[in-house]
Each structure stands twice: as structure tokens, then as C-alpha cells.
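Here is the structure we will look at.
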Amino acid sequence: MSKIAAIVGRPNVGKSTLFNRMTESRSAIVNEESGVTRDRHYGKVVWNGVEFSVVDTGGYVENSEDIFESEINRQVKLAISEADVILFMVNVEDGIHELDKAIAGMLRRVQKKVITVVNKVDNNTRLLDAAEFYGLGLGDYFSISSVSGFGTGELLDEIVRHLPGTAGEPEPDIPRVAVVGRPNVGKSSLANALLGEERNIVTPVAGTTRDSIHSRYKKYNAEFLLIDTAGLRKKAKIEEDIEFYSILRAIRSIEESDLCLLMIDATRGLESQDLSILSIIQKNNKGIIVLVNKWDLVEKDHQSTKKLEDEIRERTAPFTDYPILFISVLNKQRIHKVLELIQKVFENRSRKISTSKLNEVMLQYIAETPPPSLKGKHIKIKYITQLPSAYPAFAIFCNFPQYIKDPYMRFIENRMRESFELSGVPIKIFFRKK
């Protein structure tokens, strides 16, 4: 079961710093190129054997009550609608701010666990000052310093305590396929076309919660669970919220899946949100199939197909080894080809390669192109083995693993992809000391 904790609060209270400490990372899920609207941080946390996702909703109001109403208010509601646990962050240096009161007013009405987190408590005086935040009416709080780490262990204990468990009827042991993508790209129509029935799967509105729909597909010798996140209703002036909401929906669905169908609108091409979703898929080590929908609306020839395919792969580099299929859900063009690709990518993700075969093939490549020496150290790779994970992951044992750099890792990955059928699957390579 996917689990999400969301960090909400006004600007400059330390949300991103807490996010970085919890995830032990400073990376953002969204593509950082020019034109991306805002950074939305998403990361993985593992605490005492429990894994969950954390989302930093960000805050960027200036000095206007109107800015608060149009930005923070909606973002908090959207985070509340998707998260299992809400971390409401405030700052002991400033005391209770008017924006804190407004956000607390919303949080008092939700039926989810809200944890008040008082940040920048880094001395005994501030420990006493934090008691002021009882005035928000949200009960007990946790005093922390996201910079030094004070109190974050106890906070993580509390978060884990309130995350949902895994109770419930177990799902069958068949591939789980998530349909993800931007709003209005045809996700719902694809689900209906595959399932052979018309229905409104989800129509979420900001501030409400809608679970992903799991539908069992069993036709044409194919069987899988289809996880549909379609049905987002685009409303005027909330494109930013729709984007944020879509990412939250995608996080849940991707985590529950084995592979993902990333749908792209052929009339708009690859956009920043598509790249954001693709990066989530990679981060979670899921299979990937890119479906370019509405291909019937594009004036097409071999050149236009090749041009768009090259553009997509260029923008997702260095990960480019995945199938791209041009379809029209409306005309049911190449829909059955999707079924073939699902089976193929699922098999690739589940592929097990024997240690003897790995070493026979890969050590030959390594002998021909050994890793470059660094600081006078000659790196000698001893052997390779596949790790027992749900996705392709490999351990390469050598004498100086710390001196292996990214270019050589990419060389190894490319040779693996050439030698073994791993298309559509992100792979992990770990260099270890032998």
C-alpha cells in the first residue's frame, strides 16, 4: 500500500529543509529546466523498516492576503486530499503568524492525522517558547530543528505510527499497470477502450479524495490489473493546482504498479509535467511504455513519427531504452499493440540473468574497455551478480568501487541493455568492495 506524508505551511518555515533531512537528498522530482512552473519536491523515506513518500508542497506567497487565498489555500487543500498524514510546519522564531492561523483553521476540519511541527527549536528557551503553538488548537506538537536534526527521529516515529497498514484482501499476483499522464490526454478513454466498457472512473475536485480504480483485465491471453488515475476535471484558473494534483495522483498509482503507461498528447508533444511523471517512474524502478495518443489529429508521415520519437528520447536522456507507441484511442488504432508491450515489459522487469551468463558476457566488455584509473589506482572488476529485487539490479564487485564514475556506469548499463532484453525497464547498478 502506498503511503504519503505531505509537508504544508506558509513560506520560510523550513519545509524544504525538513524534506531534505527526511529523504537524505536534495533532489527534486520535477525537471529543473527553464519553463517548469514550480519545483515540487517528492522523495522516499525509510524509517525503522517502513517506506513512505513525502511531498513538500512549497510556499511562495509575498505580502498579500490575496496571494494566500489563491496559492497556499488551494495547495494545502490538495495536499490534504491525497496525503495520509499532514505535517503542519510552523516557525518558533516568528511565533503564530496570521497565515498559520488560516491554515490551522482548514486543518482542524480534516479527518486525517495532522502533526504540528514547530521548527527552529535549537535551544532551551525556544523549547519553552514552542508552547505558544498550543494556541492553534491542533493539540500536541513536535519541536524540531530541521537544520541540526533535533527531534526529527521522534517525529518520524509519530509519522510511521499513523501511516496506513497493509491489511485488506490481497490482490492477485498479476502485473499491475498504471495509466498516468497529464489531464485530458486520454487516460480514461484508454482504460475504457481496453476494458471494453464506458464509465466515469474518477472525477476528483480540489479538496476531495478519490482512490485509484483497480480494474481486472482478462482478454486475449492477457491478464493484469489496470490502475487508472484519469478523470481530472480542469477548472478555470487552477492549472497549477491541476498539475500538482496530477503529480500526487501519479505518485500513488506508480508506487502501486509494476509498470506504467505514460500517455502523451501528440498535438502538444512532451511537456515538463510528462518529464516529472517519468522521473517518478524511474525513481520507483517501474517499467515504462510511452503512448503518444491523438496521433490521428497530427498530419503524419514517417518523418514526423521519427522526429517526435527522437525528440522524446532526447529529452529523457540518458534513459532512452523504452518502447514508444503512436496510438489513437478514439479510433482504437494500435490499442491491441499496447497489450503486447505490457507483457513484454513486464517480462523484462522480471527477468533473471544467471551469474555465469552475466560474467561470461560482461567481463568480456570490461576487459576490452576497463574502467579508467584514478589517482594512480588501477580498478579491477572481479565479478557481477544480479540482486534479488523486483526489478533488474546488479552488484559489480571490484577493488576500488569509490573510483567508478557515472560515465563508466552508463557504459556498463548500455552494454547490459545491448546483451540482455531489458527494454522499458530502469536498472540499478551498484559497485561494491571485494
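May I have the extent of the alpha carbons of region 90-139 along their three principal axes, as whole Å values ordered from largest to smallest?
33, 21, 14
Could you please put Ile96, Ile251 in sequence from largest to smallest accessible area, using a 1.4 Å probe?
My answer, sorted largest first, is Ile96, Ile251.
Two decimals, Cα atoms only, Kirkwood Rh: what is Rg/Rh over region 353-434?
With Rh from the inverse mean 1/r over Cα pairs, Rg/Rh is 0.94.
Convex hull over the Cα atoms of region 257-401, averaged projected area in nm²?
Its average projected convex-hull area is 11.4 nm².
Can you pull the one-decimal nm distance between simple spin-label points at Lys405 and Thr305, each 7 Å off the Cα toward Cβ?
It is 4.1 nm.
Highest mean first, how do 421-428, 16-23 rank when packing is the count of other Cβ atoms within 10 Å averaged over residues?
Highest mean packing first, the order is 16-23, 421-428.
How much length, in nm to one decimal, is gained on full extension between Leu330 and Thr355, taken as 0.36 nm per residue of separation minus their Cα-Cα distance?
Gain on extension, Leu330 to Thr355, equals 4.4 nm.
With the crude spin-label approximation of a point 7 Å out along Cα→Cβ, what separation in nm comes out for Tyr365 versus Val110?
4.6 nm
For Asn414 and Glu93, compute 0.36 nm times the residue count separating them, minus their Cα-Cα distance, and round to one decimal in nm.
Stretched fully, the Asn414-Glu93 segment lengthens by 110.4 nm.
For region 276-398, give the share of DSSP beta bridges that are antiparallel, in percent and rounded to the nearest 5; count only bridges with both residues there.
If I count the DSSP bridges inside region 276-398, around 70 percent turn out antiparallel.
Would you please name the GluC sites (Glu not before Pro) within region 250-342 that are DSSP coil residues with at most 13 other C-beta atoms within 10 Å of their C-beta?
Loop-located and lightly packed - Glu299.
State, as an integer percentage, the relative contact order of region 278-340 based on alpha-carbon contacts under 8 Å between residues 6 or more apart.
Averaging sequence separation for qualifying contacts and normalising by length gives 41 percent for region 278-340.
Which of the trypsin sites (Lys or Arg not before Pro) across region 71-167 are loop residues per DSSP, with 13 or fewer other Cβ within 10 Å?
Passing sites in region 71-167 are Arg108, Arg109.
When the chain is fully extended, how far beyond the present Cα-Cα distance does Lys428 get from Ala390, taking 0.36 nm per residue of separation?
Taking Lys428 through Ala390 to full extension adds about 12.5 nm, to one decimal.
Restricting attention to region 346-401, which trypsin sites (Lys or Arg not before Pro) occupy a DSSP loop and are surrounded by at most 15 other Cβ atoms within 10 Å?
When the trypsin sites (Lys or Arg not before Pro) of region 346-401 are filtered for loop state and at most 15 Cβ neighbours within 10 Å, Arg351, Lys352, Lys375, Lys380 remain.
Take the Cβ-Cβ distance between Asn124 and Lys377 as r, set R0 to 35 Å, and report the resulting FRET efficiency rounded to the nearest 0.05.
The computed FRET efficiency comes out at 0.10.
Show me, for region 135-149, the HN-Hα J-couplings you get by feeding each phi into the Karplus relation (A = 6.51, B = -1.76, C = 1.60, θ = phi - 60°), rounded to Hz, glycine and proline as x.
Those phi angles translate into x, 6, x, 10, x, 5, 10, 10, 8, 9, 10, 5, 6, 8, x Hz.
The values are calculated or read from the model by the stated rules, or taken from the named source; none is laboratory data. Predicted, not measured: the structure shown is a model, and the values here were computed from it. Reconstructed Cβ throughout: ideal geometry from the backbone, glycine too, with neighbour counts over all protein chains shown. Side chains included, ligands, DNA and RNA excluded: accessible areas come from the protein's heavy atoms. Shrake-Rupley method; radii C 1.70, N 1.55, O 1.52, S 1.80 Å.
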